[in-house]
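Below is one structure, written out as structure tokens; comments come after it.
The values are calculated or read from the model by the stated rules, or taken from the named source; none is laboratory data. Keep in mind it's a predicted model, so treat the numbers as computed, not measured. Note that each Cβ is placed from the backbone with ideal geometry, even for glycine, and that neighbours are counted across all protein chains shown.
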Amino acid sequence: MQGELTRLINEWQAGKPGAESALFDALYKALHDIALACLRGERPGGSLSATALVHEAYLRLRKSSRIEFVDRQHFLALVARVMRRILVDRARARTAGMRAANRVPEFFADLVVRSPQEAEQIIAIDSALEQLSSISPRQGHLVELRYFAGYTMEEAAGILGVSARTAKREWQIARTRLMGALDGIAE
Amino acid sequence: MASRNDRDETVNQIFADALSLPAAERLAFVEIACGSDPQAKVEVLLLLSRFHRMDRDFLEKPAIQAFQAEGGELRPGVLLAGRFRIVELLGRGGMGEVYRAEDLELNEAVAIKLIRPEWRNDPVMLNRFRDEIRLARAIRHPNVCNVHDMLSGEHDGRRIVFFTMEFLAGDTVRALLERNTALTAEEILDIVLDVAAGLDAAHRHGVIHRDLKPDNIILLPGPHRRAVITDFGLAKPAALHGSSHTATGLVVGSPPRTWLPSSAWGTRQRPPPTSSPWESWFSK
């Protein structure tokens, strides 16, 4: 499995067509498993920090393979996109009431959102974020990095290629505008 | 005429600049900054009012924190080491997941405690677990959860290292307290005496629990009620290197004769055992 990820990452970095979506799918499974391991307390330090999860993924990949990360920031941005998809999918699974007793879950151990309210909020934010991104891609990207991947302001700034100060300003703007989009959805 | 995006950008920047000022100065600033553009002013004020109404923590908590892990590493029905059929996940302790299982060899229920994945292939950790299981299972007492063995098995291509121990079909004291179960004074006294007896048995083997709490005391109901101490030295993922604490919580240090409870209670001191199986610890 690690060999597979290595190959996919190398192909993606080389710009091979279709490589990104194949890598996305592979990362989806890998990150889901790592998230579960973190939440089950199998990581040092106990409770999960979202940044720790992503770094865990990054470290595992680097350690077990000879990937030359040509563009680390680019990879971390991709990981954030995958995390977003995982979490929104899991939130939808809960609200759609798909956790019937005799339904075989996709993964036998699963990420479960703690309450229906939080599931609704995640789905709404995802939707509002789509809108925000179509108007202001950088702000949308920033929210994805900070909220779905849990990166710190400094890490997100690095990925976006701006200063931390700029990122902080953009963050307040993004949050406020997103709130407006959420209100719009609620209406 | 400025395009939509340019206008938005201007509005954004004025808004962000306003935020960096003390609240009392913001309105005046916006008036000046927006100058002859009433539309921009409206939009900035709208953003400011929204910002003001917004939850301080909105979006600050990463989405992953709204999630928890359901299910354990092993599913019900899995056969471990060709002998133990997993029944259900009981919980997660400091050391790893705990399951109820059926021992197919002896046709008995057992509790299975998995060692955390990151420790399973670590020779140092495994040696420590081996040494401590030898110690732990030397304590045979009705008020101490009996530890049986340490085994390993394969599952899903992964190596699983686990302990088997007595399965205790009862609630923890913690669970009872949380359900506001009323315990009579006599019941409480019985529990305390049971726990003291269990601790005494452990102390005679030079073992201190180090993590005694309501979560680690199980009450077995019925005609033969008794309290049983669990997670004896197999719970705390303490610091690994260089300390006198072992990874599993058993205290290594002075020989048992210095802290047998009988000495605390003023009775005659017991002589130390002639050959102590834990000598090797002291030479670390």
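Residues in the range A:158-187 that are more than 12 Å from chain B (Cβ to nearest Cβ) and either without any contact (Cβ under 8 Å) to a residue 40 or more places away in the chain or under 20 Å from the mean Cα position of the chain (by Cα) (or both): A:Gly158, A:Ile159, A:Leu160, A:Gly161, A:Val162, A:Ser163, A:Ala164, A:Glu187. No other residue among B:Glu31, B:Glu60, B:Glu43 is within 49 Å of the chain's Cα centre (by Cα) and acidic (Asp, Glu) apart from B:Glu60. Within the range B:102-129, being among the aliphatic types (A, V, I, L, M) and without any contact (Cβ under 8 Å) to a residue 60 or more places away in the chain holds for B:Leu104, B:Leu106, B:Val110, B:Ala111, B:Ile112, B:Leu114, B:Ile115, B:Leu126.
Within the range B:127-138, can you find the residues that are under 20 Å from B:Leu220 (Cβ atoms) and surrounded by fewer than 22 Cβ atoms within 10 Å (Cβ to Cβ)?
B:Arg137
Please determine whether any residue of the range A:118-137 is touching a Leu at 6+ places or on another chain (Cβ under 9 Å) and modelled with pLDDT under 90. So far as the range A:118-137 goes, no, none of its residues is touching a Leu at 6+ places or on another chain (Cβ under 9 Å) and modelled with pLDDT under 90.
For beta carbons closer than 6 Å, sequence separation of 6+ or different chains, a first residue in the range B:189-205 that is more than 11 Å from B:Asn143 (Cβ to Cβ) and a second that is among the aliphatic types (A, V, I, L, M), the qualifying pairs are B:His203/B:Leu260; B:His205/B:Ala138; B:His205/B:Ile139.
Restricting attention to the range B:56-74, does a residue exist that is more than 30 Å from B:Ile160 (Cβ to Cβ), surrounded by 14 or more Cβ atoms within 10 Å (Cβ to Cβ), of a type in the set (D, E, K, R) and within 12 Å of chain A (Cβ to nearest Cβ)? For the range B:56-74, residues more than 30 Å from B:Ile160 (Cβ to Cβ), surrounded by 14 or more Cβ atoms within 10 Å (Cβ to Cβ), of a type in the set (D, E, K, R) and within 12 Å of chain A (Cβ to nearest Cβ): absent.
Highlighted here are the helices (runs of 4 or more DSSP H) found entirely within the range A:13-116 that include at least 2 residues which are modelled with pLDDT of 85 or more and aliphatic (A, V, I, L, M): A:19-39, A:72-95.
The residues of the range B:94-115 that are surrounded by fewer than 21 Cβ atoms within 10 Å (Cβ to Cβ) and not hydrophobic (A, V, I, L, M, F, W, C), listed by number, are B:Gly94, B:Arg100, B:Glu102, B:Asp103, B:Glu105, B:Asn107, B:Glu108. In contact with a helix residue (DSSP H, G or I) (Cβ under 8 Å, 6 or more places away or on another chain) and farther than 24 Å from A:Asp126 by Cα: does that describe B:Ala18? Yes. Selection over the range B:12-47 of residues that are out of contact with any Leu (no Cβ under 7 Å at 6 or more places or on another chain) and either in a loop (DSSP other than H, G, I, E, B) or among the aliphatic types (A, V, I, L, M) (or both) gives a count of 21.
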